[in-house]
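Here the structure comes first, spelled out in structure tokens, and everything after it is commentary.
Please treat every number below as a calculation from the coordinates, not as lab data. The model shown is predicted, which means the values in this text are computed figures rather than measured ones. Ideal geometry is used to build each Cβ from the backbone, glycine not excepted, and the neighbour counts take in all protein chains shown.
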Amino acid sequence: MENIEKLFSFIDEYAENIAKEHELTYLDSVLETLNTWLDGEVKPVGFEPSKEEIRKAIQLTLLKGMRQSAQPNHQMTPDSLGLLLGYFVEQFYGKEFKSNNKMIVLDPALGTGNLLLTVMNLVGDKIKGVGVEIDELLIQIAASSAELEKQPIALYRQDALENLMIDPVDAVICDLPVGYYPNDEIAKEYEVKAQEGMTYAHHLFIEQSLKYVKDGGYLFFLVPDHIFESEQSALLNKLITQKAWIQAVIQLPDELFSNKAHAKSLFIVQKKNETDKPVKEVLLAKVPNMKNMKALELFFAKVQKWKKEQKG
Ligand code: SAM
């Protein structure tokens, strides 16, 4: 058995037992298991798992737990999306990663932490994370996972659209929560506030992220495919034109989404600053089927060519 399978069985069996004994949900029991492992009361025997093995095994248990729970908000970003997003973070920050300074990266909708941890593990020990999440269980899972993977993430349990007590960060990554934001009192402070009715949370998250990133910082968002076609998109367009330069809009492969209506794109922007300029050409691309290695290689070559051409 591979380490990931062994580790999955270790967490899964322990969690199943706790769930039965204490009548907890499976996800609550996974959290209990991770904490018991952190306390040193139990641990996987016979091997020392790597950060990625830990993340992937936890991811499998979370997928199982989320399938069982009816909570629509408990949605994790799978690593197929996280690795693609991480690839783009590397393309934009490759140079910075060569220095000794750690970059501060914010995920304002941290969830289970799987997206942020996928990117942190991918780029090596180059990132200090900051995560904001409203859901108590998810942020606790993120905290325990980060501790087991020895990745530094500062955590804030709050509504990410209220004021954040953080210094400006170098970059933002976020799988945006999609839908209407219920708190109009808070939404009215935003430029993208809808003139009538409730405002889209994903628009508010983009504005909030632009507020907390440093000038010149990049923001990597997973957004609904048709984000610029809604009745509220004019205000979002205006905000982005004022504050940022669009870098890329990348459609993700359909097969990554069980329902086509929930398909997402990767939207990359840079917050304007005094020294940089807009890109010569915005990258508009579609990621091919991820099983087609040849097509994927061509896609990555196209991205690298585009990146080089924007320099001169
Ligand atoms: N990337 C995450 C992961 O890997 O688990 C999943 C993100 S999920 C698509 C969106 C998250 O946003 C959910 O965990 C949800 O609880 C959180 N969320 C929604 N509205 C929020 C708010 N106003 N403030 C903070 N978090 C919020």
For region 296-309, Karplus couplings with θ = phi - 60° (6.51, -1.76, 1.60), whole Hz, Gly/Pro x: 5, 4, 4, 4, 5, 5, 4, 5, 5, 4, 4, 4, 4, 5
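Would you mind checking Lys264/Lys286; Lys98/Lys271; Lys56/Lys150; Lys102/Lys302 for any pair whose Cα atoms are more than 19 angstrom apart? Please report the intermediate quantities before stating the final value.
On the way: Lys264/Lys286 11 Å; Lys98/Lys271 22 Å; Lys56/Lys150 15 Å; Lys102/Lys302 29 Å.
Beyond 19 Å between Cα atoms: Lys98/Lys271; Lys102/Lys302.
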Quick one: Leu116, Leu62, fewest Cβ neighbours within 10 Å first, how do they rank? Leu62, Leu116
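Order by neighbour count: Asp39, Asp79, fewest other Cβ atoms within 10 Å first, most last. Please list the in-between numbers first.
Values: Asp39 9, Asp79 21.
Final ranking by Cβ density, sparse to dense: Asp39, Asp79.
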Specify the angular offset, from 0 to 90 degrees and rounded to the nearest 10, of the alpha carbon long axis of helix 51-68 from the longest principal axis of the alpha carbons in the chain. 90
Fewest first, what order do Ser233, Ser99 take by the number of other Cβ atoms within 10 Å? Ser99, Ser233
Through the Karplus equation 6.51 cos²θ - 1.76 cosθ + 1.60, θ set to phi - 60°, convert the phi angles of region 282-290 into ³J(HN,Hα) values in whole Hz; use x for Gly and Pro. 5, 7, 10, 8, 10, 6, x, 3, 6
At what distance in angstrom do the alpha carbon centres of region 218-248 and region 116-143 lie from each other? 24
Report ³J(HN,Hα) in whole Hz for each residue of region 100-108, in order, from the Karplus equation J = 6.51 cos²θ - 1.76 cosθ + 1.60 where θ = phi - 60°; Gly and Pro get x. 8, 6, 8, 7, 9, 10, 9, 10, x
With Cα atoms, 0 to 90° folded angle of helix 3-22 axis to the chain main axis: 70
Once the principal axes of the Cα atoms of the chain are found, what is the range along each, listed largest first in whole angstroms? 56, 46, 38
Relative contact order of the chain: what whole-number percent is it, with Cα pairs under 8 angstrom and at least 6 residues apart? 12
Below 8 Å, C-alpha to C-alpha, sequence gap of six or more: please give me the relative contact order for region 98-169 in percent. 34
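Between Asn237 and Thr25, what FRET efficiency comes out of the Förster formula 1/(1 + (r/R0)^6) with R0 = 35 Å and r the beta carbon distance, rounded to 0.05? Intermediate results must be reported in sequence, preceding the final value.
On the way: r = 41 Å, r/R0 = 1.18.
E between Thr25 and Asn237, to the nearest 0.05, is 0.25.
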For Tyr180, the residues 5 or more places away or on another chain with a placed amide H closer than 5 Å to its own amide H are Ala201
By how many degrees, between 0 and 90 and to the nearest 10, does the Cα long axis of helix 26-38 differ from the longest principal axis of the chain? 80
